[in-house]
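J.: Dropping a structure here in structure tokens format, bear with me for questions.
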There are 2 protein chains.
Amino acid sequence: MTTFSTRSAVLAALLSTTLASAGAIAQTPSAAASTTPAAKPFQSYSDIVAAAPADAWRTPDPQNIIYVEIAGGRVVIEVAPTVAPSHVANIRALIREQYFDGLPIKRAQDNYVVQWGTPDGQPPRAKKAAKSNLQPEFVRKLSRSEFGAFAFDRLPDIDGYAPQVGFAGGFHAGRDPKASEVWLAHCYGAVGVGRGNAIDSAAGEELYVVTGHAPRHLDKNVTLIGRVLQGMPLLSSLPRGTGPLGFYDKPSQFTHIKSIRVAADVAPPERTDLEVIRTDTPTFQRAVEALRNRGGDWFKVPAGHVELCNVPIAVRVPPVKAMK
Amino acid sequence: MTTFSTRSAVLAALLSTTLASAGAIAQTPSAAASTTPAAKPFQSYSDIVAAAPADAWRTPDPQNIIYVEIAGGRVVIEVAPTVAPSHVANIRALIREQYFDGLPIKRAQDNYVVQWGTPDGQPPRAKKAAKSNLQPEFVRKLSRSEFGAFAFDRLPDIDGYAPQVGFAGGFHAGRDPKASEVWLAHCYGAVGVGRGNAIDSAAGEELYVVTGHAPRHLDKNVTLIGRVLQGMPLLSSLPRGTGPLGFYDKPSQFTHIKSIRVAADVAPPERTDLEVIRTDTPTFQRAVEALRNRGGDWFKVPAGHVELCNVPIAVRVPPVKAMK
């Protein structure tokens, strides 16, 4: 039995790389069994985040929070108007026209994406103010001075897909100083805009969420608008579509979207209050360092590296709310 | 409607990064609309794999194929005795003692792993010939001459977690020429051996499968024994456990393993015949190049790079079997 309780403690050290959702921040490996009792116990990402001061957290603007309501519950998305301003504005317009309400999640491709929108073969719904075509925002192209002023919390490690990677506005991102470009990265939970072959062929009516290993080759080829803060399991555990590319063969397999709403339009008692860890603080830097060189009783060989999409951006219920 | 048929064609170009399972190899983007009609149409990974000659495929040894039978169907695993010989031998012994039959999948942590074994708080089952502790095989340590002779099909691109990455025996792998070490990599579908804090605390009774973004920081810290060839959706779409680290709170949430068998012990008509693309051929090199620089009508900016875990190792039903 000793072996198995040890094992339980240690499976805890197989630390989550998931989006750390409120209430699910991973347990800390016990440091009690350290062989060097005088040494300071290793503090994991979760330890550091759990002890982070109040000002290490930010509260997203409710204009930038979107609720996707499905049978299983609510998926909470934060959008990034600083990187994709025209798509975010148009998606807010679509939401306010109730464009998405009743449309299906029509695709769930294993290790890739889920996607919702008009079923193939049906005409797109009529729109009022929202647009049907937009110039792409695959990257945010900036002037040299704008680029210098655009906040970017850089990771220290190499990346194969971008000259530099880190966090833009608190989202996983890449950037290219030579081209003065910033873009969101296709990490787990990223939300993007499906498009046709033409780069201006879409405007947000078809959205997808990354549910598998980061398809970073899509970066700079499609407009990303944000990421899921809470509710990923509602999407990632959907039955996989058995048609080509994970599309559902039959409408009976669809999961329907009850509604999509901007949090600002939802009565405060109905909102999901969440805080997101800031990526521009010494606390977050320490947390990243704890991912680059994991310690504690379980890890034997620190990687000396962390890949962009292996850095969770922690989310929590604000402590006051949590105590209610 | 034109827009939407275009869009369908193009969503097809959001090419699968999943384990290309038999019958699910992704459709090819049409090259009909190419603006340079004289140019040779782009051949995608899927195109190249679909047209690969018979000798670009290998048939795994049935001694290295494991069937995990659960209510939803069969999960097919290929093990890698060249990298983890003693763990593979012990897992075969456990299987032949029917050690796993009836044990539960007790953990499904979003964007991380599923895991099966003895439920916490229960004593481990009795074993006959199989061992309970083994020296770790986190890496395969080789002599300099063995290292030179150990087949490794290297990828050309950089990697943050290993000096070199590629394929060892047809499995995603890293290696370190200075240390003469080779190890399997924690890509989607990788199968590993859960352990306690002590590096020799396990011998294969607890197995996990990676169901999320590659947790490459686990490389060299735990023994990997192989990867799933077919059936990932049976594991990856399981309801997520709501206990800490994705463990199920209640036994009623468990998915039970009906049986685990070595394919060689299963009557041939009951086997799942699969072929795996060889990683040591010019065909595979071309397929990898098509991932590094994606073309066709949809992709606008090739990455000039492919990360190890974004290279699928295609699997198919042998053509003769498929025609039956």
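J.: Anything in region B:279-295 that is surrounded by 22 or more Cβ atoms within 10 Å (Cβ to Cβ) and assigned to a loop (DSSP other than H, G, I, E, B)? List them, or say none.
T.: Correct list: B:T279, B:R294.
J.: So for region B:152-162 (the condition being under 20 Å from B:P81 (Cα atoms) and touching a Leu at 6+ places or on another chain (Cβ under 9 Å)), does at least one residue qualify?
T.: For region B:152-162, residues under 20 Å from B:P81 (Cα atoms) and touching a Leu at 6+ places or on another chain (Cβ under 9 Å): absent.
J.: Check region B:291-307 and report whether any residue there is touching a strand residue (DSSP E or B) at 6+ places or on another chain (Cβ under 9 Å) and modelled with pLDDT of 95 or more.
T.: Yes, some residue in region B:291-307 is touching a strand residue (DSSP E or B) at 6+ places or on another chain (Cβ under 9 Å) and modelled with pLDDT of 95 or more.
J.: Could you check, for region B:168-178, whether at least one of its residues is crowded, with 21+ Cβ neighbours inside 10 Å and within 14 Å of another protein chain (Cβ to nearest Cβ)?
T.: For region B:168-178, residues crowded, with 21+ Cβ neighbours inside 10 Å and within 14 Å of another protein chain (Cβ to nearest Cβ): present.
J.: Quick check on region A:132-166: of everything there that is among the aromatic types (F, W, Y) and either over 26 Å from A:R195 (Cβ atoms) or more than 13 Å from chain B (Cβ to nearest Cβ) (or both), which residue is surrounded by the fewest Cβ atoms within 10 Å (Cβ to Cβ)?
T.: In this case the residue turns out to be A:F150.
J.: Do you know which residues across region A:259-309 are out of contact with any Gly (no Cβ under 8 Å at 6 or more places or on another chain) and among the hydroxyl-bearing types (S, T, Y)?
T.: Result: A:S259, A:T272, A:T281, A:T283.
J.: Can I ask one more? For region A:108-131, give me each residue that is assigned to a loop (DSSP other than H, G, I, E, B), within 20 Å of A:V209 (Cα to Cα), of a type outside the set (D, E) and at the interface with chain B (Cβ under 8 Å from one of its Cβ atoms).
T.: A:Q109, A:N111, A:Y112, A:T118, listed by residue number.
J.: For region A:104-117, indicate whether the set of residues that are surrounded by fewer than 21 Cβ atoms within 10 Å (Cβ to Cβ) and in contact with an Asp or Glu (Cβ under 9 Å, 6 or more places away or on another chain) is non-empty.
T.: no
J.: Ok, one more. Go through region A:238-267 and give me each residue that's hydrophobic (A, V, I, L, M, F, W, C), assigned to a helix (DSSP H, G or I) and either buried (at least 24 other Cβ atoms within 10 Å of the Cβ) or touching a strand residue (DSSP E or B) at 6+ places or on another chain (Cβ under 6 Å) (or both).
T.: Correct list: A:A263 only.
J.: Scan region A:280-324 for residues that are touching a Cys at 6+ places or on another chain (Cβ under 8 Å) and either within 30 Å of B:S201 (Cβ to Cβ) or at the interface with chain B (Cβ under 8 Å from one of its Cβ atoms) (or both) and jot them down.
T.: Once the filter is applied, which keeps residues that are touching a Cys at 6+ places or on another chain (Cβ under 8 Å) and either within 30 Å of B:S201 (Cβ to Cβ) or at the interface with chain B (Cβ under 8 Å from one of its Cβ atoms) (or both), region A:280-324 yields only A:C309.
J.: Here is a further query. Please go through region B:45-63 and pick out each residue that is within 30 Å of B:A290 (Cα to Cα) and outside any loop (DSSP other than H, G, I, E, B).
T.: Matches in region B:45-63: B:Y45, B:S46, B:D47, B:I48, B:V49, B:A50, B:A54, B:D55, B:A56, B:W57, B:R58.
J.: What are the residues in region B:247-261 that are farther than 22 Å from B:G73 by Cβ and within 26 Å of the chain's Cα centre (by Cα), if any?
T.: Passing the criteria: only B:F247.
J.: Among the residues of region A:223-262, write down those that are among the aliphatic types (A, V, I, L, M), under 29 Å from A:V139 (Cβ atoms) and within 8 Å of another protein chain (Cβ to nearest Cβ).
T.: A:M232, A:L245
J.: Take the residues in region A:64-102 that are under 16 Å from the mean Cα position of the chain (by Cα) and part of a helix (DSSP H, G or I), then tell me which one is surrounded by the most Cβ atoms within 10 Å (Cβ to Cβ).
T.: A:V88
The values are calculated or read from the model by the stated rules, or taken from the named source; none is laboratory data. All figures in this text were calculated on a predicted structure; none of them were measured in a lab. Cβ atoms come from the backbone with ideal geometry, glycine included; neighbour counts cover every protein chain shown.
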